[in-house]
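Worksheet: one structure, shown below.
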Amino acid sequence: MTSPATCTCGTVHANGCPGRLVICFTPGYLFEWEYTNRNRETGAVEAWPDGTTARIRFSWGTGTELVIPAIVIVAELTVFMTGAETEQIPRGSLATIDLNYDAGDPDMWRPWRQGHVSRCK
């Protein structure tokens with residue numbers, strides 16, 4: 001018995017890496033950000049899958065995280081943080097927006113966007 005033919009043309013990319021995120025806020029002040037989900041090919045507004053939940057996580061290398069739930073309504077994803085919350089986050093912290101399409105199953109979060117926090121002047 002011979003093994004099946006293997007295609008060796010092209011490069012296979014197994015990429016589960018989150019996309020790039022640029023986030024900036026002023027410590028001690030409100031932060032509100034809204035993202036409208038759009039189809040990559042057509043640019044048309046596209047609803048998130050039913051039951052999608054989201055959160056933003058901030059970590060700064062000490063094992064501590066600040067997790068803020070986001071709001072997902074149809075095609076909109078909104079992050080709202082109070083001044084007391086923004087005050088806690090050190091400059092350069094890693095910010096990750098996670099999505100969950102599995103009814104909030106705690107083992108099914110997927111990192112969607114990621115970047116480091118910049119402070120607005």
Inset, instruction - List the number of the failed condition for Gly51; all other conditions in (1) modelled with pLDDT of 95 or more; (2) open to solvent by 20 Å² or more (accessible area, probe 1.4 Å); (3) closer than 18 Å to Tyr101 by Cβ hold. - result: (1)
Legend entry - Hits in the stretch 74-96 - residues which are surrounded by 19 or more Cβ atoms within 10 Å (Cβ to Cβ) and not in a loop (DSSP other than H, G, I, E, B): Leu77, Val79, Met81, Thr86, Ala95, Thr96
Inset, instruction - Output the residue which, of all residues in the stretch 102-115 that are under 14 Å from the mean Cα position of the chain (by Cα) and over 17 Å from Leu66 (Cβ atoms), is surrounded by the most Cβ atoms within 10 Å (Cβ to Cβ). - result: Trp112
Inset, instruction - Among the candidates Val79, Val117, Val74, single out the residue that is out of contact with any Cys (no Cβ under 6 Å at 6 or more places or on another chain) and more than 14 Å from Ile23 (Cβ to Cβ). - result: Val74
Inset, instruction - Could you pull out the residue among Leu99, Leu66 that is in contact (Cβ under 8 Å) with a residue 12 or more places away in the chain, open to solvent by less than 40 Å² (accessible area, probe 1.4 Å), over 15 Å from Glu32 (Cα atoms) and in contact with a helix residue (DSSP H, G or I) (Cβ under 8 Å, 6 or more places away or on another chain)? - result: Leu66
Legend entry - Residue check for Ile71: open to solvent by less than 50 Å² (accessible area, probe 1.4 Å), closer than 17 Å to Trp112 by Cβ, β-branched (Val, Ile, Thr) and in a strand (DSSP E or B): no
Inset, instruction - Count, please, the residues in the stretch 32-68 that happen to be hydroxyl-bearing (Ser, Thr, Tyr) and either under 19 Å from Asp105 (Cβ atoms) or not in a loop (DSSP other than H, G, I, E, B) (or both). - result: 5
Inset, instruction - Mind listing just one residue for me: the one in the stretch 22-43 that is open to solvent by 50 Å² or more (accessible area, probe 1.4 Å) and without any contact (Cβ under 8 Å) to a residue 40 or more places away in the chain and, of those, nearest to Thr78 (Cα to Cα)? - result: Arg38
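The values are calculated or read from the model by the stated rules, or taken from the named source; none is laboratory data. Computed from a predicted structure; not experimentally measured. As a convention, Cβ positions derive from the backbone with ideal geometry for all residues, glycine included, and neighbour counts pool all protein chains shown. Areas reflect the complete protein model, heavy atoms only, side chains present, ligands, DNA and RNA absent. Shrake-Rupley method; radii C 1.70, N 1.55, O 1.52, S 1.80 Å.
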